[in-house]
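The values are calculated or read from the model by the stated rules, or taken from the named source; none is laboratory data. Keep in mind that this is a model prediction, so the values were computed, not measured. Here Cβ is always computed from backbone atoms with ideal geometry, including for glycine, and neighbour counts include all displayed protein chains.
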Amino acid sequence: MRQCARCAENNQDADAFCRLCGNDLGAVTSDAQLDAALAAPATVDAPPRKKASIVGWLALALFAAIPAVLAGSRPARTVIERGARQIVFRRPQMQIVSIASASEMEIGSGKLARFDWTVPVEQPHCHLMGHIEVLSGGTKDVQVFLVSADDYSNLARGHPAKTYLTSAKTTAVDLNVQLNTPGPMTLVIGNTFAPLTTKRVQLRDVKATCS
(Lines give C-alpha, C1' and ligand atoms only; values in the text may rest on other atoms or scores of the structure.)
Protein backbone atom coordinates (compact mmCIF):
# COMPACT_ATOMS: atom_id res chain seq x y z
CA MET A 1 0.00 0.00 0.00
CA ARG A 2 1.09 3.65 -0.64
CA GLN A 3 0.01 6.28 1.87
CA CYS A 4 -0.63 9.79 0.57
CA ALA A 5 1.64 12.28 2.27
CA ARG A 6 -1.04 14.97 2.07
CA CYS A 7 -4.23 13.29 3.33
CA ALA A 8 -2.88 9.99 4.74
CA GLU A 9 -5.19 8.00 2.44
CA ASN A 10 -4.02 4.51 1.67
CA ASN A 11 -3.62 3.84 -2.02
CA GLN A 12 -2.62 0.87 -4.08
CA ASP A 13 1.05 0.48 -4.96
CA ALA A 14 0.24 0.87 -8.63
CA ASP A 15 -1.57 4.21 -8.09
CA ALA A 16 0.29 7.25 -9.33
CA PHE A 17 -2.14 9.75 -7.77
CA CYS A 18 -4.05 9.72 -4.51
CA ARG A 19 -7.60 8.52 -5.09
CA LEU A 20 -8.86 10.91 -2.38
CA CYS A 21 -7.04 14.22 -2.90
CA GLY A 22 -5.39 13.65 -6.26
CA ASN A 23 -1.86 14.25 -4.90
CA ASP A 24 1.06 12.99 -7.05
CA LEU A 25 2.27 10.08 -5.03
CA GLY A 26 5.70 10.14 -6.66
CA ALA A 27 6.49 13.91 -7.06
CA VAL A 28 5.15 15.92 -4.14
CA THR A 29 5.31 14.27 -0.75
CA SER A 30 3.82 16.97 1.46
CA ASP A 31 1.90 20.28 1.51
CA ALA A 32 5.09 22.07 2.62
CA GLN A 33 6.96 20.69 -0.32
CA LEU A 34 4.12 21.63 -2.69
CA ASP A 35 3.97 25.21 -1.35
CA ALA A 36 7.75 25.56 -1.65
CA ALA A 37 7.66 24.31 -5.22
CA LEU A 38 4.93 26.80 -6.12
CA ALA A 39 6.75 29.70 -4.40
CA ALA A 40 10.11 29.06 -6.06
CA PRO A 41 10.91 31.53 -8.90
CA ALA A 42 10.69 30.12 -12.35
CA THR A 43 14.01 29.57 -14.04
CA VAL A 44 14.19 30.40 -17.75
CA ASP A 45 17.19 29.20 -19.64
CA ALA A 46 18.87 31.92 -21.73
CA PRO A 47 18.62 31.28 -25.43
CA PRO A 48 21.85 29.99 -26.89
CA ARG A 49 24.07 32.70 -28.45
CA LYS A 50 23.95 32.61 -32.15
CA LYS A 51 27.26 31.95 -33.69
CA ALA A 52 28.42 34.38 -36.35
CA SER A 53 28.19 32.91 -39.78
CA ILE A 54 31.26 32.38 -41.90
CA VAL A 55 30.01 35.03 -44.35
CA GLY A 56 29.72 37.58 -41.54
CA TRP A 57 33.27 36.93 -40.37
CA LEU A 58 34.58 37.24 -43.91
CA ALA A 59 32.77 40.56 -44.40
CA LEU A 60 34.18 41.89 -41.12
CA ALA A 61 37.71 40.87 -42.11
CA LEU A 62 37.29 42.55 -45.50
CA PHE A 63 36.20 45.89 -44.02
CA ALA A 64 39.04 45.74 -41.51
CA ALA A 65 41.58 45.23 -44.31
CA ILE A 66 40.39 48.16 -46.47
CA PRO A 67 42.28 50.92 -44.54
CA ALA A 68 45.52 48.95 -44.76
CA VAL A 69 45.10 48.44 -48.52
CA LEU A 70 44.38 52.12 -49.08
CA ALA A 71 47.34 53.15 -46.95
CA GLY A 72 49.60 50.88 -48.96
CA SER A 73 48.46 52.43 -52.25
CA ARG A 74 49.50 55.95 -51.21
CA PRO A 75 53.13 57.08 -51.22
CA ALA A 76 54.68 57.45 -47.80
CA ARG A 77 55.04 60.99 -46.48
CA THR A 78 57.97 62.22 -44.47
CA VAL A 79 57.18 64.78 -41.80
CA ILE A 80 59.99 66.68 -40.14
CA GLU A 81 59.22 68.39 -36.85
CA ARG A 82 61.59 70.63 -34.95
CA GLY A 83 60.36 70.92 -31.41
CA ALA A 84 57.25 73.07 -31.17
CA ARG A 85 58.19 75.33 -34.08
CA GLN A 86 56.23 75.27 -37.29
CA ILE A 87 58.37 75.90 -40.34
CA VAL A 88 56.51 77.54 -43.24
CA PHE A 89 58.21 77.97 -46.59
CA ARG A 90 56.84 80.88 -48.57
CA ARG A 91 57.58 81.34 -52.24
CA PRO A 92 58.93 84.85 -52.82
CA GLN A 93 56.82 87.14 -54.97
CA MET A 94 57.95 87.86 -58.50
CA GLN A 95 59.70 91.15 -59.06
CA ILE A 96 58.99 93.22 -62.18
CA VAL A 97 61.75 95.50 -63.45
CA SER A 98 60.35 98.14 -65.77
CA ILE A 99 62.82 99.19 -68.49
CA ALA A 100 60.63 101.22 -70.87
CA SER A 101 56.85 101.22 -70.57
CA ALA A 102 55.80 103.32 -73.59
CA SER A 103 58.22 105.73 -75.19
CA GLU A 104 59.54 107.01 -78.52
CA MET A 105 63.04 108.22 -79.19
CA GLU A 106 65.33 109.22 -82.02
CA ILE A 107 68.67 107.49 -82.54
CA GLY A 108 71.13 109.45 -84.66
CA SER A 109 73.28 107.93 -87.37
CA GLY A 110 76.24 105.97 -86.01
CA LYS A 111 74.76 106.10 -82.46
CA LEU A 112 73.59 103.70 -79.74
CA ALA A 113 70.71 104.11 -77.28
CA ARG A 114 71.10 102.28 -73.96
CA PHE A 115 68.74 101.23 -71.16
CA ASP A 116 70.41 100.13 -67.94
CA TRP A 117 68.75 97.75 -65.47
CA THR A 118 69.79 95.10 -62.94
CA VAL A 119 68.99 91.40 -62.49
CA PRO A 120 68.35 91.06 -58.71
CA VAL A 121 70.80 88.87 -56.80
CA GLU A 122 68.02 87.34 -54.70
CA GLN A 123 65.84 86.69 -57.80
CA PRO A 124 68.26 85.95 -60.65
CA HIS A 125 65.83 84.10 -62.95
CA CYS A 126 64.50 86.83 -65.23
CA HIS A 127 62.41 86.86 -68.38
CA LEU A 128 62.95 89.92 -70.58
CA MET A 129 59.90 90.83 -72.67
CA GLY A 130 58.61 93.76 -74.72
CA HIS A 131 58.37 95.20 -78.24
CA ILE A 132 60.74 97.47 -80.15
CA GLU A 133 59.77 98.92 -83.52
CA VAL A 134 61.28 101.47 -85.91
CA LEU A 135 58.65 104.00 -86.94
CA SER A 136 60.60 106.07 -89.48
CA GLY A 137 64.02 106.82 -90.95
CA GLY A 138 65.69 105.35 -94.01
CA THR A 139 64.86 101.68 -94.40
CA LYS A 140 63.43 101.68 -90.84
CA ASP A 141 65.87 99.24 -89.29
CA VAL A 142 68.05 99.00 -86.17
CA GLN A 143 70.00 96.36 -84.28
CA VAL A 144 69.11 95.24 -80.73
CA PHE A 145 71.60 93.87 -78.18
CA LEU A 146 71.44 92.68 -74.59
CA VAL A 147 74.77 92.72 -72.77
CA SER A 148 76.18 93.02 -69.28
CA ALA A 149 77.30 96.44 -68.11
CA ASP A 150 80.96 95.44 -68.56
CA ASP A 151 80.46 94.18 -72.09
CA TYR A 152 78.65 97.35 -73.11
CA SER A 153 81.99 99.20 -73.12
CA ASN A 154 83.39 96.68 -75.60
CA LEU A 155 80.25 96.85 -77.76
CA ALA A 156 80.27 100.66 -77.83
CA ARG A 157 83.90 100.68 -79.03
CA GLY A 158 83.37 98.05 -81.68
CA HIS A 159 85.25 95.35 -79.78
CA PRO A 160 84.07 91.75 -79.37
CA ALA A 161 81.48 91.47 -76.59
CA LYS A 162 79.50 88.66 -75.01
CA THR A 163 75.82 89.23 -75.71
CA TYR A 164 72.62 87.60 -74.45
CA LEU A 165 70.77 88.87 -77.51
CA THR A 166 72.03 90.02 -80.92
CA SER A 167 69.55 90.83 -83.67
CA ALA A 168 70.19 91.42 -87.32
CA LYS A 169 69.11 94.72 -88.85
CA THR A 170 65.35 94.67 -88.35
CA THR A 171 62.29 96.87 -88.20
CA ALA A 172 60.52 95.18 -85.26
CA VAL A 173 61.66 92.91 -82.43
CA ASP A 174 59.62 91.00 -79.87
CA LEU A 175 61.88 90.50 -76.86
CA ASN A 176 61.86 87.04 -75.30
CA VAL A 177 65.09 86.39 -73.40
CA GLN A 178 65.67 84.17 -70.34
CA LEU A 179 68.43 85.24 -67.93
CA ASN A 180 69.96 83.47 -64.93
CA THR A 181 72.90 85.76 -64.17
CA PRO A 182 72.48 88.47 -61.52
CA GLY A 183 74.04 91.88 -61.99
CA PRO A 184 73.82 95.07 -64.11
CA MET A 185 72.50 94.64 -67.66
CA THR A 186 72.17 96.98 -70.64
CA LEU A 187 69.60 96.84 -73.42
CA VAL A 188 71.08 98.50 -76.53
CA ILE A 189 69.40 99.77 -79.69
CA GLY A 190 72.01 100.46 -82.37
CA ASN A 191 72.02 102.63 -85.47
CA THR A 192 75.77 102.50 -85.96
CA PHE A 193 75.54 101.02 -89.47
CA ALA A 194 73.61 104.05 -90.85
CA PRO A 195 76.07 106.87 -91.69
CA LEU A 196 73.44 109.53 -92.47
CA THR A 197 69.94 108.50 -91.34
CA THR A 198 68.30 109.09 -87.97
CA LYS A 199 65.79 106.46 -86.85
CA ARG A 200 62.66 107.05 -84.77
CA VAL A 201 62.07 104.06 -82.49
CA GLN A 202 59.15 103.08 -80.29
CA LEU A 203 59.47 100.84 -77.18
CA ARG A 204 56.36 99.24 -75.65
CA ASP A 205 56.12 97.47 -72.30
CA VAL A 206 59.78 96.49 -72.13
CA LYS A 207 60.25 94.80 -68.76
CA ALA A 208 61.87 91.88 -66.95
CA THR A 209 59.94 89.54 -64.66
CA CYS A 210 62.29 88.02 -62.06
CA SER A 211 61.83 85.22 -59.54
Just the residues that are in a strand (DSSP E or B) and β-branched (Val, Ile, Thr), please, taken from the range 117-149. THR118, VAL119, ILE132, VAL134, VAL142, VAL144, VAL147
Which members of the range 111-144 meet the condition of being under 38 Å from the mean Cα position of the chain (by Cα) and crowded, with 18+ Cβ neighbours inside 10 Å? TRP117, VAL119, CYS126, LEU128, GLY130
Among the residues that make up the range 145-157, is at least one of them loosely packed, with under 14 Cβ neighbours inside 10 Å, in the same structural domain as GLN123 (by TED's automatic domain parsing), touching a residue at least 40 places away in the same chain (Cβ under 8 Å) and closer than 13 Å to ARG114 by Cα? no
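Just checking, does the range 82-98 include any residue being within 30 Å of THR139 (Cα to Cα) and either in a helix (DSSP H, G or I) or at pLDDT 55 or above (or both)? Working first, answer last.
Filtering the range 82-98 for residues within 30 Å of THR139 (Cα to Cα) gives 98.
Going one step further and asking which of them are either in a helix (DSSP H, G or I) or at pLDDT 55 or above (or both), we end up with 98.
Yes, the range 82-98 has at least one match.
Tally the residues that are of a type in the set (A, V, I, L, M, F, W, C) and either over 43 Å from the mean Cα position of the chain (by Cα) or closer than 15 Å to GLN123 by Cα (or both), restricting the search to the range 173-211. Explain how you work it out, then say what you get.
Filtering the range 173-211 down to residues of a type in the set (A, V, I, L, M, F, W, C) leaves 173, 175, 177, 179, 185, 187-189, 193-194, 196, 201, 203, 206, 208, 210.
Among the residues that remain, those that are also either over 43 Å from the mean Cα position of the chain (by Cα) or closer than 15 Å to GLN123 by Cα (or both) are: 179, 185, 188-189, 193-194, 196, 201, 208, 210.
Total meeting the criteria: 10.
Examine the range 201-211 for a residue that is out of contact with any strand residue (DSSP E or B) (no Cβ under 9 Å at 6 or more places or on another chain), surrounded by 14 or more Cβ atoms within 10 Å (Cβ to Cβ) and touching a residue at least 60 places away in the same chain (Cβ under 8 Å), and state whether such a residue exists. Working first, answer last.
So the first thing to find is which residues in the range 201-211 are out of contact with any strand residue (DSSP E or B) (no Cβ under 9 Å at 6 or more places or on another chain), and the list is none.
No: the range 201-211 contains no residue that is out of contact with any strand residue (DSSP E or B) (no Cβ under 9 Å at 6 or more places or on another chain), surrounded by 14 or more Cβ atoms within 10 Å (Cβ to Cβ) and touching a residue at least 60 places away in the same chain (Cβ under 8 Å).
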In the range 150-185, residues that are on the phi > 0 side of the Ramachandran plot and not in a loop (DSSP other than H, G, I, E, B) total 1
Exactly one of (1) modelled with pLDDT of 95 or more; (2) over 28 Å from GLN93 (Cβ atoms) is unmet by ARG157. Its number? (1)
